[in-house]
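The structure appears right after this line, and notes come after that.
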Amino acid sequence: MYAYLAVLLGCLLCALWLEPVLRVGVLRQWRRLLLVAVPVLAVFVAWDLAAIAAGHWSFDHDQVLGVWLPGGMPLEELLFFLVVPLCAILGYEAVRTVLARYGRS
């Protein structure tokens, strides 16, 4: 139980350390982060809801918290669309930061 949430937390733990250690500045620029995250969230939530409604996509009730959003989407799926882009942006900015420090932009 809670496997989906555990994976999301693991992803966050693997990426969030980049912010204070490498000082990538992603979380300080929260408006820019929202400009990226909101369209991604909107598109993929709509896509998921359409797939759920069509019966093409479902979730294992034993692997989620049991908090269901309208349309039959578990809370973790919504969090997925926030966590994964955040982790990707943190990783991208970490690589840019390290390359810039060594003059390899």
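The values are calculated or read from the model by the stated rules, or taken from the named source; none is laboratory data. Quick caveat: nothing in here was measured; it's all calculated off a predicted structure. For neighbour counting, all protein chains shown are included, and Cβ atoms are generated from backbone atoms with ideal geometry for every residue, glycine included. Areas reflect the complete protein model, heavy atoms only, side chains present, ligands, DNA and RNA absent. Shrake-Rupley method; radii C 1.70, N 1.55, O 1.52, S 1.80 Å.
Taking (1) in contact with a helix residue (DSSP H, G or I) (Cβ under 9 Å, 6 or more places away or on another chain); (2) under 20 Å from Leu78 (Cβ atoms); (3) loosely packed, with under 13 Cβ neighbours inside 10 Å; (4) not basic (Lys, Arg) in turn, Gly25 satisfies each apart from (2).
Residue-wise test of (1) of a type in the set (A, V, I, L, M); (2) in contact with a strand residue (DSSP E or B) (Cβ under 8 Å, 6 or more places away or on another chain).
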{"position": "Leu18", "(1), (2)": "yes, no"}
{"position": "Gln29", "(1), (2)": "no, no"}
{"position": "Val36", "(1), (2)": "yes, no"}
{"position": "Ile52", "(1), (2)": "yes, yes"}
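The number of residues in segment 6-15 being aliphatic (A, V, I, L, M) and open to solvent by 70 Å² or more (accessible area, probe 1.4 Å) comes to 3.
Looking at segment 32-64, which of its residues are part of a helix (DSSP H, G or I), farther than 13 Å from Pro85 by Cβ and free of Cβ contacts under 8 Å to residues at least 60 places away in the same chain?
Taking segment 32-64 as the starting set, the residues that turn out to be part of a helix (DSSP H, G or I) are 32-53, 61-63.
Checking which are farther than 13 Å from Pro85 by Cβ leaves us with 46-53, 61-63.
Answer for segment 32-64, where residues must be part of a helix (DSSP H, G or I), farther than 13 Å from Pro85 by Cβ and free of Cβ contacts under 8 Å to residues at least 60 places away in the same chain: Ala46, Trp47, Asp48, Leu49, Ala50, Ala51, Ile52, Ala53, His61.
For segment 14-31, does any single residue satisfy the condition of being of a type in the set (Phe, Trp, Tyr), over 19 Å from Leu90 (Cβ atoms) and in a helix (DSSP H, G or I)? Give the steps one after another, and end with the answer.
Taking segment 14-31 as the starting set, the residues that turn out to be of a type in the set (Phe, Trp, Tyr) are 17, 30.
Checking which are over 19 Å from Leu90 (Cβ atoms) leaves us with none.
No.
Under the condition of being farther than 29 Å from Met1 by Cβ and open to solvent by 70 Å² or more (accessible area, probe 1.4 Å), the residues counted in segment 58-98 number 3.
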